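Inspection log for the structure reproduced underneath, given as C-alpha cells.
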Amino acid sequence: MELSRRSFIKTAAFNSAMAAAAVLFPGVTFGVWKDNNAGSSSITWKKTPCRFCGTGCGLLVGVSNDRAVAVKGDPNCSVNKGLCCVKGYHSVQALYGKDRLKTAQIRKKGKLVDVPISEALDLIALKMKETIKKHGKDSVSIYGSGQWTIPDGYVASKLFKGCIGTNNVEANARLCMASAVVGFMTTFGLDEPMGCYDDIDHADVFITWGNNMAEMHPVLFSRMVANRKEKKHVKIIDFATRNTRSSLASDKSILFNPQTDLAVANSICYEIIRNNWVNWDFVKKHVSFFKGKTDIGYGTEDHFKFTDKLNPVDIDGYKEFLKDYTPEKVEKISGVSAKDIKYLASIYGDPTKKVTSFWCMGMNQHTRGTWINNLVYNIHLLVGKISSPGNSPFSLTGQPSACGTVREVGTLTHALPKGVVMSAKHREMAAKIWKVPVENIDPKPTYHTVEMFRALDRGDIRFMWIQVTNPMVTMPNLTRYRNGAKKDDRFVVVSDVYPTPTTDIADVILPAAMWIEREGFYGNSERRTQHFEQIVPAQGDAMCDTWQIIEVARRLGYQDKFPWSQENYIEEIWNEYIQFHDTPKHRMAPYSLLKQRSGVQWPFVEGKETKWRFNAKYDPAAKGKDFDFYGKPDHRARILLRPYEPAAEFPDRDYPFWLNTGRVLEHWHTGSMTRRVPILHAAVPEAFVEINAKDAANLGIVNDGKVKISSRRGSVVMKASINGRGNPPMGMVFVPFFDESYLINEVTLDAFCPMSKQPDYKKCAVKIERV
Amino acid sequence: MPIISYLATPNDGEKARLLSCLQSMDYCEAFGAENKDLIILVTDTPNEPTEKKLQQQLKALPALQNLSMAYGHSEHSNPHNSQEQ
C-alpha cells in the first residue's frame, strides 16, 4: 500500500498534536497510535537517534516505498521514553525539501555547474595535491561538525592527521562546547559528564545556568517538569540573563547581568564555606585546590596565544580568594540580590537535597567559558554533590554527535581519537592503529576554528573542505571570514544537503547523504553511542560524508589506509576506532550490540553500561570505597580559583545595549533543515529581535516594527518582538540565528575564551534604532 | 481541503462521551489519551464550506471544554519552503 500525500499530511497533523500534548501534559500516551500503525501494514519502523540536538532522543521512523513517512518516539529509548519534541516529530520531512542537493557542482567561470560526482572528487584531490605541493601540508584543512557521524570524523582525522600530516582538523563543536571540554579536562582530567539523564528522575532541585531548556532541550525539560509534578517538593530554578519559556515554567527565576555568573558562582561558594555547609569529608579525600593565571585576554587579535599555569593553594588561600565575593559585593555587579545568592547557596548547601545543575551555550559561549564551567564544578565539589544519582553538574550539548564525534574521536586541532597530538604516547598509539609512520603525526596543533578562518583570510590556509556545517552563517564577525573565503586563490569544498550561504562561496559542492540515508553513529550528551542503519536510499548522486573522504583519500594515494568495501565500511571503521578506547575508563559497546539497542552508554565494561562515573558503586574504573577522580594523577578533582573578569566588549555610550544571540524551539541552528519543514517554517517564519517593552517605548519601537541593530562590525535590520516568547531585561536585545536572511553574526564579536577558544555569542555591544 | 489537528479537552467526567461523539462525526478521527483527560482530533474536510460547518458542529458539542489547534494545512504552500512529494 502506498501512503498517499494526504495520509502523510494527516500523520504530520497527528504528530504535531502529539508533540503539543507532550509539552502540555508530560508523560501523556496515546495507545491508539498502535492501532493507527496496524492499519498501515506496508509501513516498516526502524530505530534511529534524532537528527537534531544533543539530547539523543530515540526515534522510530516509518518507511513506505523507500520513503520516510512518519516518526514516533522510541519507547525503548531511555532518553526520551517515547516522547519527542516538535522538531523530532517532523524530522523526516527535512529529508524532502524541494531544493535538496542531488548532484555535484563545480564553479566554472564564476558559475556553479552540475558535474558527475567522480569529476568533483577528482578535482578535490587534484587541488589538495597542488596546494600541498605549492604551500605545504598545513595549507589544506577540513572543517567538520558535531553533526558529523563518528565514522565521518574518524576518517577525516585519519586522512588529515595520520596520512597528510597536518593538524588542520576542526569542527563547529568548537563554537558550542569547547569550554565544556576544557572545563572537564581542567577540573577532572577527563571529558564528558559523570552523570546521566537518570539524574533528572532523582534530583530534588534543578538549577539551570543560562540555559533555556524548555526550547533547546524540550524533552529533558519535560522530564524535569514530570518529576516535579510527581514529587511536589521538586523545584526548578532558572538562573539566566533574560526571561524565557524556561523562566515561566520554573519555580523561581533569577536574572543576572551578563558575564557576572562568574562572580555569583564564587559568591555561592563563599556562602557555603561561611555557613559551614562544606562536605569536609569529601573535600579532604577527593579535592585539591589550584589557582591559575588571571587577566587572560580575549583573543580578538590574530595569532593570539594563551597557556594557563596552575599553582597549588590550600583551603585558606581559597577562603582568602573568596573574600572578594561576599553576596553584598556581588549584588552590586551582578544585579542578583544578596538574598537570592544566599538562597542559591542554601540549596546547594542543604545536605538533604539532591541538586542537578544544567547548562549549555550560556556558560560555554563565554569569554571565560572554561572558568564558569570550573566554578560550577567548584560548587558541587565543595558540597560533595557529584557522581551520584540526582547530584550532577551536567553540561548539555547542542548537536547530535558533538560528544560522540568531536570530543570522543577528537576532531579538533590538538586532539587524536585518544589523547592529544602533543603526547608522544598518544601519537604512537594512533600511528599503530592507523598503520602510518609515527612521524606523520605532527606534535604541534595548528589552528582552532576562529584562527583557522583567520588563516584562510590571511592565506596561510588555501584549501578548506567544509562538511555538515554552515559557517557562513555561524562564524562570529562573519563579514571578515566570508570575504576571506571568497578570495581568488582560496579553494573551498562544501559537502551539504541543501544550498546555504556556505555553498554560495564554494568552488565545489558535494551532495551529501543525510542522516538515515546512510549508516552511522552519533554520541549524545550522556555518553550514549547511538547506531542508525541506512533506512532510506540516498537521493540522486548524494554520497555519505565518510565515503566522500574515503574516495578522496584513495585519489591521494592512501588506498591501503582506507581499504574497506562499501558493503561494511561503517562496521570496519567502528571496529578500528574502538581500539583507541579499549580500557575500563572508556570501553565502547560492540557493533552488534549497538545495532540492536537504542544506544549504549560508555564505559561499557563486562556487558554493563556505566551511568555514574568516578563512583566505585557504579563505575568499574573507579577504585576504593566511594569516589575516585581517576582522570587526575592524584585521583582528586580540582577546585580552581577563577575570578570574575568583565566581557570583551560591553555597552557604552555609543553602543548602549547588550546583544545576546541563540536559538528557538522550532528551528535547529542555522535552519538549513528545519526551515524546509513547512510546519516549522510556518511556526517561526523569520528571525526577530526581542527587545524589552520599556526600551522599545523609549525608542519609539512597536511590535513587528523594523529595527536596525548595529555594532562596530556590522548591522542588520529586522522586526521587533516585544513581550514575545522571550523577554530580555532593559539594556539587552536577543536575536536568534536560524534565519540566513538576517545574518546576525555580521554584528557579533569574534572574542573567545583563551583556554577553550570558544567564541562568545552572548555578549557584545550594539545600538538599536527604529527604521 | 484543510487538514487540521486539535487537542480537545473534555468537561469533567465527559471524556468517553466526547470521544464517542467525535469518532462518530464525519471527517473526524479522534484518539483518546491513555492516561490524561485529553483527546487528539484530526479533521480532513474536502472544502472550505464543509470545514466551516464542521467547526460549528464541534463548537456546539456539550462535552467539549476546549479545542486547541495544533496543526493546520491547506493547499496553499510556501513557495520557498515546500516539500517534494
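The values are calculated or read from the model by the stated rules, or taken from the named source; none is laboratory data. The model shown is predicted, which means the values in this text are computed figures rather than measured ones. Methodologically, a virtual Cβ is constructed for each residue, glycine included, from the backbone with ideal geometry; neighbour enumeration extends over all protein chains shown. Ligands, DNA and RNA are stripped out before the accessible areas are found, and what is left, the full protein with its side chains, is counted by its heavy atoms. Shrake-Rupley method; radii C 1.70, N 1.55, O 1.52, S 1.80 Å.
Can you list residues whose amide H is under 5 Å from A:Ala104's amide H, if they're 5+ apart or on another chain and H is modeled 1.01 Å from N?
Here the answer is A:Val115, A:Ile117, since their amide H atoms fall under 5 Å of that of A:Ala104.
From the P(r) of the stretch A:548-592, can you give the percent of Cα pairs sitting at distances over 11 Å?
So the pairs more than 11 Å apart make up 71 percent of the total in the stretch A:548-592.
Once Rh is set to the Kirkwood radius over Cα pairs, what Stokes-Einstein translational diffusion coefficient, in µm²/s, holds for the stretch A:165-221 at a temperature of 20 °C and a viscosity of 1.002 mPa s? Working shown, then result.
Details: Rh = 14.0 Å.
Estimated diffusion coefficient is 153 µm²/s.
Can you list which of the DSSP-assigned H helices in chain A have a Cα extent of 24 Å or more along the long axis and an average Kyte-Doolittle score of at least 0.0?
The answer, listed by residue number, is A:5-24.
Probe 1.4 Å, all protein chains in place: accessible area of A:Met185 in Å², nearest 10?
Surface accessible to solvent at A:Met185 totals approximately 80 Å².
Under a crude label model (7 Å from the Cα following the beta-carbon direction), how far is A:Leu24 from A:Lys284 in nanometres?
Computed distance between label sites A:Leu24 and A:Lys284 equals 5.6 nm.
Using the Cα atoms of the protein assembly as shown, I'd like the radius of gyration and the largest Cα-Cα distance, Dmax, both in angstrom.
26.5, 80
Can you compute the FRET efficiency between A:Asn65 and A:Glu533 using 1/(1 + (r/R0)^6), with r the Cβ-Cβ distance and R0 = 25 Å? Round to the nearest 0.05.
Working: r = 18 Å, r/R0 = 0.71.
Here the calculated transfer efficiency is 0.90.
List the relative contact order of the stretch A:36-170 as a percent without decimals, with contacts defined as Cα pairs under 8 Å and 6+ residues apart.
Relative contact order for the stretch A:36-170 comes out at 12 percent.
For the stretch A:357-422, what is the accessible area per residue in Å² when the probe is 1.4 Å?
Normalised by residue count, the accessible surface of the stretch A:357-422 is 9 Å².
Quick one: go through the stretch A:574-599 and flag any residue whose amide nitrogen is under 18 Å from the point 7 Å out along the Cα-to-Cβ line of A:Asn76.
Within reach of a label on A:Asn76, which here means backbone N under 18 Å from a point 7 Å along Cα→Cβ, the stretch A:574-599 contributes A:589-599.
For chain A, what does the relative contact order come out to in percent, with C-alpha contacts under 8 Å and a separation of six or more?
Working: 1779 pairs, mean separation 149.0, N = 771.
Relative contact order of chain A: 19 percent.
How large is the accessible surface per residue of the stretch A:618-742, computed with a 1.4 Å probe and reported in Å² as a whole number?
The answer is 39 Å² per residue.
Whose amide H sits under 5 Å from the amide H of A:Asp496, counting only residues 5 or more places off or on another chain, with H placed in the peptide plane?
A:Leu510, A:Ala512
In whole angstrom, and with the biggest value first, how far do the Cα coordinates of the stretch A:57-151 range along each principal axis?
Sorted largest first, the three principal extents are 55, 29, 20 Å.
Post the alpha-carbon centroid distance, the stretch A:584-623 to the stretch A:336-377, in whole angstrom.
Using only Cα atoms to place each centre, the spacing works out to 29 Å.
Report, in whole Å, the centroid distance computed from the Cα atoms of the stretch A:255-277 and the stretch A:184-251.
What the calculation gives is 19 Å, centre to centre.
Kirkwood Rh over Cα pairs of the stretch A:640-738 into Stokes-Einstein at 25 °C, 0.890 mPa s: D in µm²/s?
164
To the nearest whole number, what is the average tally of beta carbon atoms from other chains within 10 Å of the beta carbons of peptide B:3-11?
4
Arrange the residues A:Lys706, A:Lys284, A:Lys305 by how much accessible surface each exposes, largest first, with a 1.4 angstrom probe.
Sorted by accessible area, descending: A:Lys305, A:Lys284, A:Lys706.
Around A:Asp251, under 9 Å between beta carbons, what's the net of Lys plus Arg minus Asp minus Glu among the other residues?
Values: positive: A:Arg228, A:Lys235, A:Lys252; negative: A:Asp238.
With Lys, Arg at +1 and Asp, Glu at -1, the neighbours total +2.
Tell me, what is the FRET efficiency for A:Asn275 and A:Thr479 to the nearest 0.05, using R0 = 45 angstrom and their Cβ-Cβ distance as r?
0.35
Within 10 Å, Cβ to Cβ, of A:Asn470, how many net charges do the neighbouring residues add up to if Lys/Arg are +1 and Asp/Glu are -1?
Cβ neighbours under 10 Å give a net charge of -2.
Which FRET efficiency, nearest 0.05, do A:Asp302 and A:Lys708 yield, Cβ-Cβ r, R0 25 Å?
Details: r = 29 Å, r/R0 = 1.18.
So, using R0 = 25 Å, E works out to roughly 0.25.
For chain B, which whole percent of the accessible surface, found with a 1.4 angstrom probe, sits on carbon and sulfur atoms?
47
Residues of the stretch A:332-374 with backbone nitrogen within less than 12 Å of a virtual label 7 Å along the Cα-to-Cβ line of A:Phe650, please, listed as ranges.
A:332-335, by backbone N distance to the label point.
Full-extension gain between A:Ser118 and A:Gln579, please, as 0.36 nm times their residue separation minus the C-alpha to C-alpha distance.
Between A:Ser118 and A:Gln579, full extension yields an extra 162.7 nm.
Suppose each label sits 7 Å from its Cα in the direction of the beta carbon; what would the A:Lys323-A:Lys595 distance come out to in nanometres?
6.6
Rank by packing, highest mean first: peptides A:513-522, A:675-684, with packing defined as the count of other Cβ atoms within 10 Å averaged across residues.
Going by the mean number of other Cβ atoms within 10 Å, highest first, we get A:513-522, A:675-684.
Give the average, rounded to an integer, of partner chain Cβ atoms located within 10 angstrom of each Cβ in B:38-45.
Numbers: counts 6, 4, 12, 3, 8, 2, 5, 0.
Taking the mean over all residues of the peptide, I get 5.
Got the relative contact order for the stretch A:376-492 handy, in percent, Cα pairs under 8 Å and 6 or more residues apart?
Taking the mean separation of contacting Cα pairs over the length of the stretch A:376-492, I get 15 percent.
In sequence order, what are the phi-derived ³J(HN,Hα) couplings for the stretch A:75-87 according to the Karplus relation 6.51 cos²θ - 1.76 cosθ + 1.60 with θ = phi - 60°, rounded to whole Hz, with x for glycine and proline?
x, 8, 8, 5, 5, 10, 6, x, 9, 9, 9, 5, 5
In Å and whole numbers, how far do the C-alpha atoms of the stretch A:594-652 stretch along each principal axis, longest first?
The principal-axis extents, from largest down, are 58, 34, 16 Å.
Looking only at the stretch A:490-547, where both bridge partners belong to it, what percent of the DSSP beta bridges are antiparallel (to the nearest 5)? Could you put the intermediate results ahead of the total?
Working: 4 of 9 bridges.
Among the beta bridges of the stretch A:490-547, antiparallel pairing accounts for roughly 45 percent.
Work out the mean other chain Cβ neighbour count within 10 Å for the residues of A:92-98 and drop it here as an integer.
3
Roughly how big is the A-B contact, given as buried accessible area in Å² (both sides, 1.4 Å probe, nearest 100)?
The contact between B and A buries close to 3000 Å².
Taking the Cα-to-Cβ direction at B:Gln57 and at A:Lys293 and moving 7 Å from each Cα, how far apart do the two end points lie in nm?
My value for the distance between the label points is 7.5 nm.
Can you work out D for the stretch A:516-597 in µm² s⁻¹ from Stokes-Einstein, where Rh is the Kirkwood radius over C-alpha pairs, the temperature is 4 °C and the viscosity is 1.567 mPa s?
In µm²/s, the coefficient rounds to 91.
On the Cα set of the stretch A:478-557, report Rg and Dmax in Å, please.
Cα only, the stretch A:478-557: 15.6, 44 Å (Rg, Dmax).
Determine by what factor the alpha-carbon radius of gyration of the stretch B:2-68 differs from 2.2 N^0.38 Å, reporting the quotient.
Against the compact-globule rule of thumb, the ratio is 1.03.
Run the accessible area of the stretch A:161-231 with a 1.4 Å probe and give the carbon-and-sulfur part as a rounded percent.
Carbon-and-sulfur percentage of accessible area, whole number: 59.
Measuring with a 1.4 Å probe in the full set of protein chains, what accessible area per residue, in whole Å², belongs to the stretch A:432-543?
27
Could you state the number of Å between the C-alpha centres of the stretch A:492-560 and the stretch A:672-692?
26
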